[in-house]
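Visitor: Mind having a look at this structure? Questions to follow.
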Amino acid sequence: MSATDIVGILVTTFILGSIYGLVAIGMTLIYGTLRILDMSQGSMVMIGSFVGWGILVVAGWNPVVAILFAFVATFLLGTFTQLVSVQPLMKRRNAIDFEMITFITTFAVAIVFTNLALEIFGPQQRNVTFVIAGGINVYNGVNLPYQSLAMAIVSIVLMAGLGVFLARTRWGMAIRAVAQDLDAARLMGVPVGKLYPLTMGLASALAGIAGVFLGGLYFASPNAGDQPLLIALIVVIFGGLGSLPGTVYAAYAIGFIQATAEVLVGTTWALPILYGVILLVLIVRPQGLMGKPSEARL
Amino acid sequence: MISRRLFPSMTRARWAAVAVLVVLVAAFPLFYKNQYILTVIVTGLVLLVLNISWNFVLGVAGVWNFGQLAIYALGGYGAGILMLHTPLPPWLAVLGGGVIAAVISILLAFPTLRLYGIYTSLLTFAFAEIVQYVILNDGSGLTGGSYGFPTVPGLYSSLSPDASMSAYYWTILGVVVVSTAALAATGRSHLGIAIRAVRDAPAYTAARGVSPLRYRVIAFAISGFLAGIAGALYISFNQSISPSAMGLTPMSIDVTMLVIGGLGTVFGPLIGTALLTIVQTALVDHPGIELTILGTFLLIVVVFVPGGLVGLIARTYHRVGAWAAEDEQAPAEETAEGQPAGAGTAGAGAAGKGTAGADEVEAPVPRREPT
């Protein structure tokens, strides 16, 4: 492996890790707050990529508008998803199969969104072209396009923004309070009923923006959300479900493993290698990098 | 009498009803010769065997095993390799596919032992994805990679197409009947009670001396064997199998079938598979609309009809039964003792337990000597 390869891997890690982090951080936020694994996040990525395609290619507006539109659209759809697939089940929250039921309902929503997109847009892949041209020659022919750099930076800013939102604002603190102790939060007057849709809308909106970026890197298509969903699942398990810093570290680690695998053994083997890694993680350290060991395990 | 102990809800009349129903279904290909419809039905029956096996581990044992389709495919590939590369008779190759799948399923059970819930699902799903990738990118020619397995003769290569269709129909129907009866009988046995107790109260059950590890491995072995048989029947009937038998789309359809029918119930897979096969066949030209409808259906059933259609039928039956008893007073013991599981669609033939949910473990947890 030459020095060029290594720089190339690091550049890819930086870009992929940032975008994966954006998808995964929403999943871990939802898990931390609602104790559900939201399988509709992948379809939010897909919807984001179609919004990006619609704004950038069809309407021909600029990327900032696309990001704003994706944010609003997926925020609303995420809130809607919570209201139809999770909120009606909240009274069964303490049942032993609550996680399983919500896993299935959010998955059902994902099936509906994906296939509506298939029916409306057809199965073909669409290029989402960004208007920022050019790039930096990082080292010996390794190119870092400005648009990828912009995506990574916006992703990092959004993740940091989420951190500030959770740490400093009233609503953010309410979300953390619910994640830590639901009953105590309720006693302090936190409006839990409003907070849940808000949390899921917020997480979906981050996934939607990541979708605009991933659409730019790859394509917009009805199945564009499948792989990001699987990778986000790997990232959140690797980082420890519910731990935000763990998720960010894990996103870069997974991005690094994927980039290395692509350079060393080829693109088709990247995902199976990630699955191999996650198999090992689950066997050796099931709670992930920074998760807390759960008493509910067998 | 053993049938009395294993199927306490089965009266002689109910046995007769089940027998008549099975004979009627079995006689179907004698009168009906449309090859397309028969192919759809046989494919549906193969899927039903897979769903019965998956229902056992997912619904009855409560283990989130999302690797079942990989086990199923491995059973199919295993049987195919046995058919092509060994002199074994085809029916032994089908059994061999089941055994291979059971062994792999047991091996898959061990790493899940420390995990629960979504963690189990992710581990098993990761396993399934790896299996699919390995087969897709297999360059050795053993599995045929993404082109699918080389053509195999199947079980009934010596028969005419019409006769072999009927033969497959009866074979797979036989497997469905036997496995449904066996798993229904398991429901009241020591094994079935222990497996459901581990699902509903793992800590308590373990404290009573029932090893959760042991019963999880047994559940994986049973369901893996049946899934492997399903895969082997699939490759025999279609004369090939390809990696597209696994993956996210077939898995979501199977989950929908199980949940709509009623997860963890005896007749849930039957009703769910039948219903969804009909919907799929009717909408075969509109895959997008078909899955949109299935997804909406799934959501509605999970939110509003806990326990699936079997649960709904059982509750209705119960209510009607209670209402009739109130009216007449006389046959009170019959209805009050009677069935939570009078699955109406399958005739009056309810076997053993049938309602989903935690109310099943009414029998005491079997006691073990502490080890």
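Visitor: About the Cα centre of the range A:3-284, how large is the charge dipole given +1 on each Lys and Arg Cβ and -1 on each Asp and Glu Cβ? Please answer in debye to the nearest 20. Present the calculation step by step, with values, prior to reporting the outcome.
Guide: Numbers: 10 positive and 9 negative charges, 151 e Å.
So the dipole magnitude of the range A:3-284 works out to roughly 720 debye.
Visitor: Could you work out how far apart the two model spin labels at B:A19 and A:N94 are, taking each label as a point 7 Å from the Cα in the direction of the beta carbon, and quote it in nm?
Guide: Here the modelled spin labels are 5.0 nm apart.
Visitor: Checking understanding here: applying a Kyte-Doolittle mean of at least 0.0 and a length along the axis of at least 18 Å (C-alpha), which whole DSSP H helices in chain A pass? Don't skip to the answer; put the middle values down first.
Guide: On the way: long enough: A:3-34 (45 Å, 1.70); A:63-81 (26 Å, 2.16); A:98-121 (34 Å, 1.75); A:146-168 (32 Å, 1.69); A:192-217 (37 Å, 1.42); A:226-239 (20 Å, 2.06); A:244-265 (31 Å, 1.25); A:270-284 (21 Å, 2.91).
Helices passing the filter in chain A: A:3-34, A:63-81, A:98-121, A:146-168, A:192-217, A:226-239, A:244-265, A:270-284.
Visitor: R0 = 30 Å: FRET efficiency of A:N137 with A:F219, Cβ-based, nearest 0.05?
Guide: Values: r = 26 Å, r/R0 = 0.87.
Efficiency, rounded to the nearest 0.05: 0.70.
Visitor: Per residue of B:261-267, what is the mean number of Cβ atoms on other protein chains within 10 angstrom of that residue's Cβ? Show your work: numbers first, answer last.
Guide: Values: counts 0, 0, 4, 1, 0, 0, 0.
Per residue, the average neighbour count from other chains is 1.
Visitor: If amide H atoms are built 1.01 Å from N in the plane of the peptide, which residues on other chains or at least 5 residues away come under 5 Å of the amide H of A:V128?
Guide: The answer is A:A220.
Visitor: A further question follows. Put a dot 7 Å past each Cα toward the Cβ at A:N127 and A:V72; how far apart are the dots in nm?
Guide: Distance between the two pseudo-spin positions: 2.9 nm.
Visitor: Taking H as built 1.01 Å from N, whose amide H comes closer than 5 Å to the amide H of A:I136, not counting residues under 5 places away?
Guide: A:L144, A:Y146
Visitor: How do B:L191, B:L270 line up, fewest other C-beta atoms within 10 Å first?
Guide: Values: B:L191 16, B:L270 23.
Ascending number of Cβ neighbours within 10 Å: B:L191, B:L270.
Visitor: For the protein assembly as shown, what percent of Cα pairs sit more than 37 Å apart? Display every interim value, and only then the final one.
Guide: Details: 88983 of 223446 pairs.
That fraction is 40 percent.
Visitor: Something else about it: At 4 °C and a viscosity of 1.567 mPa s, what translational diffusion coefficient does Stokes-Einstein give for chain A, taking Rh as the Kirkwood radius over Cα pairs? Give it in µm²/s as a whole number. Don't skip to the end; give the middle numbers.
Guide: Values: Rh = 19.5 Å.
So the translational diffusion coefficient is about 66 µm²/s.
Visitor: Let me ask another. For chain B, just the Cα atoms, rotate onto the principal axes and tell me the three extents in Å, largest first.
Guide: Taking max minus min along each principal axis of the Cα atoms, chain B gives 68, 56, 44 Å.
Visitor: Here's a follow-up. Rounding to the nearest 20 debye, state how big the charge dipole of the protein assembly as shown is about its Cα centre with +1 on each Lys and Arg Cβ and -1 on each Asp and Glu Cβ.
Guide: Working: 30 positive and 27 negative charges, 240 e Å.
So the magnitude is around 1160 debye.
Visitor: Using a Förster radius of 60 Å, what is the FRET efficiency between B:V134 and A:R168 based on their Cβ-Cβ separation? Nearest 0.05, please.
Guide: Details: r = 48 Å, r/R0 = 0.80.
FRET efficiency, B:V134 to A:R168: 0.80.
Visitor: Pick from A:Q287, A:Q87, A:Q124 the residue whose mean-square fluctuation is largest in a GNM of chain A, springs joining Cα atoms under 10 Å.
Guide: In this elastic network of chain A, the residue with the biggest mean-square fluctuation among A:Q287, A:Q87, A:Q124 is A:Q124.
Visitor: Divide by every residue of the protein assembly as shown the summed helix terms, -39500 (n - 2.57) for each DSSP H run of at least 4, and state the resulting mean residue ellipticity at 222 nm, rounded to the nearest 500 deg cm²/dmol.
Guide: Numbers: 26 runs with 457 residues, N = 669.
Using -39500 (n - 2.57) per qualifying helix, the result is -23000 deg cm²/dmol.
Visitor: Taking only C-alpha pairs under 8 Å that are 6+ residues apart, what is the relative contact order of chain B in percent? Working shown, then result.
Guide: Details: 572 pairs, mean separation 101.6, N = 371.
Reported as a whole number, the value is 27 percent.
Visitor: Calculate one ³J(HN,Hα) per residue across the range B:126-137 by plugging θ = phi - 60° into the Karplus curve 6.51 cos²θ - 1.76 cosθ + 1.60, and present them in order as whole Hz with x for glycine and proline.
Guide: Values per residue, Gly and Pro as x: 4, 4, 5, 5, 5, 4, 5, 5, 4, 5, 4, 9 Hz.
Visitor: Once the Cα gyration tensor of the range B:33-246 is found, what semi-axes does its equivalent ellipsoid get, as square roots of 5 times the eigenvalues, in whole Å, sorted largest first?
Guide: Values: eigenvalues 195, 83, 35 Å².
Whole-Å semi-axes of the equivalent ellipsoid: 31, 20, 13.
Visitor: Next up: Between B:A322 and A:R35, what's the calculated FRET efficiency when r is the beta-carbon distance and R0 is 25 Å? Round to 0.05. Don't skip to the answer; put the middle values down first.
Guide: Details: r = 36 Å, r/R0 = 1.46.
Efficiency at R0 = 25 Å is approximately 0.10.
Visitor: Whole-Hz ³J(HN,Hα) for each residue in the range B:31-43, computed from phi via Karplus 6.51 cos²θ - 1.76 cosθ + 1.60 with θ = phi - 60°, x for glycine and proline: what do you get?
Guide: Going residue by residue, I get 9, 10, 10, 5, 5, 5, 5, 5, 4, 4, 5, 5, 4 Hz, with x marking Gly and Pro.
Visitor: Could you give the nm distance between label points at B:V178 and A:L182, where each point is 7 Å from its Cα heading toward the beta carbon?
Guide: For the pair B:V178/A:L182, the computed spacing is 4.6 nm.
Since every read-out is calculated from the coordinates, none of them should be taken as a lab result. None of these values were measured; they are calculated from a predicted model. For neighbour counting, all protein chains shown are included, and Cβ atoms are generated from backbone atoms with ideal geometry for every residue, glycine included.
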